[in-house]
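Structure first, commentary second.
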């Protein structure tokens with residue numbers, strides 16, 4: 001499989017290593033200094049882990065060229081509906097996940113199930129912490145937002161997430177911390193005067209994210225439409 005890498009930072013390099021180990025070819029490495037090369041780059045699929053400011057244009061360019069794209073960049077999702085509409089219009093292929101770790105996606109399911117169980121236990125208040133490396137630009141992380149959405153879908157007393165301390169009981173607080181050399185930790189806490197319940201996922205390296213992105217790209221090549229990790233995990 002011929003892969004175009006969009007973004008060649010730490011994640012891009014991890015994806016490259018995993019892809020090469022699995023027998024694939026990297027045909028282009030597009031970053032801020034050579035972004036114009038995307039217009040002529042040839043490949044079977046693009047994997048996009050760039051920057052929030054670049055992701056939308058990168059994805060749009062791929063869809064306009066009918067190039068299947070796997071995206072893991074967060075921080076641009078206010079425009080996601082526009083991308084999904086373009087994908088449908090172009091009969092294209094767009095796969096988005098806030099996190100490509102298989103373990104994290106299992107964690108998403110556990111999080112939703114726990115929120116459903118806690119819905120009637122109003123004495124418990126819920127909050128979240130997310131910790132990432134100091135170079136991560138967006139906060140909260142896309143993974144934290146996905147967790148928050150899973151909670152709000154199943155816990156009726158929380159109406160929106162916020163990234164700062166609040167006294168509003170309708171708000172779900174997400175604390176964001178940036179520490180050097182931390183791949184990613186997400187903690188969901190239910191606290192009451194009597195006891196606390198916590199679930200946590202800790203990534204030990206970027207390996208799981210990179211491997212997941214490449215596995216999805218392999219699966220994606222001959223599929224159409226707007227897809228996500230639920231579609232992949234069903235497979």
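Screening residue 122 on (1) touching a residue at least 24 places away in the same chain (Cβ under 8 Å); (2) more than 30 Å from residue 87 (Cα to Cα); (3) in a strand (DSSP E or B) shows it passes everything except condition (3). State which residue is surrounded by the most Cβ atoms within 10 Å (Cβ to Cβ) when the search covers only the stretch 34-47 and only residues that are touching a helix residue (DSSP H, G or I) at 6+ places or on another chain (Cβ under 8 Å) and over 16 Å from residue 24 (Cα atoms). Checked the stretch 34-47; the qualifying residue surrounded by the most Cβ atoms within 10 Å (Cβ to Cβ) is 38. Quick one: would you say residue 20 is outside the structural domain of residue 150 (by TED's automatic domain parsing), surrounded by fewer than 15 Cβ atoms within 10 Å (Cβ to Cβ) and in a helix (DSSP H, G or I)? So residue 20 passes the test. Within the stretch 66-83, being in contact with a strand residue (DSSP E or B) (Cβ under 9 Å, 6 or more places away or on another chain) and farther than 23 Å from residue 209 by Cα holds for one residue alone: 66. Of all residues in the stretch 126-161, those satisfying the criterion of being part of a strand (DSSP E or B) and closer than 15 Å to residue 185 by Cβ are 127, 128, 129, 130, 131, 132. You will find that of 138, 171, 231, the residue that is surrounded by 15 or more Cβ atoms within 10 Å (Cβ to Cβ), at pLDDT below 95 and more than 18 Å from residue 11 (Cβ to Cβ) is 231 and no other. Examine the stretch 164-182 for a residue that is closer than 20 Å to residue 117 by Cα and outside any strand (DSSP E or B), and state whether such a residue exists. Checked the stretch 164-182: at least one residue is closer than 20 Å to residue 117 by Cα and outside any strand (DSSP E or B). Considering the conditions (1) under 15 Å from the mean Cα position of the chain (by Cα); (2) assigned to a strand (DSSP E or B), residue 29 is excluded by exactly one of them, (1). Of all residues in the stretch 205-229, those being farther than 24 Å from residue 112 by Cβ and not in a helix (DSSP H, G or I) number 6. Selection of the stretch 66-100 for residues being more than 20 Å from residue 145 (Cα to Cα), in contact with a helix residue (DSSP H, G or I) (Cβ under 9 Å, 6 or more places away or on another chain) and either assigned to a helix (DSSP H, G or I) or modelled with pLDDT under 95 (or both) yields 86, 87, 89.
The values are calculated or read from the model by the stated rules, or taken from the named source; none is laboratory data. Quick caveat, the model's predicted, so the values are computed rather than measured. As a convention, Cβ positions derive from the backbone with ideal geometry for all residues, glycine included, and neighbour counts pool all protein chains shown.
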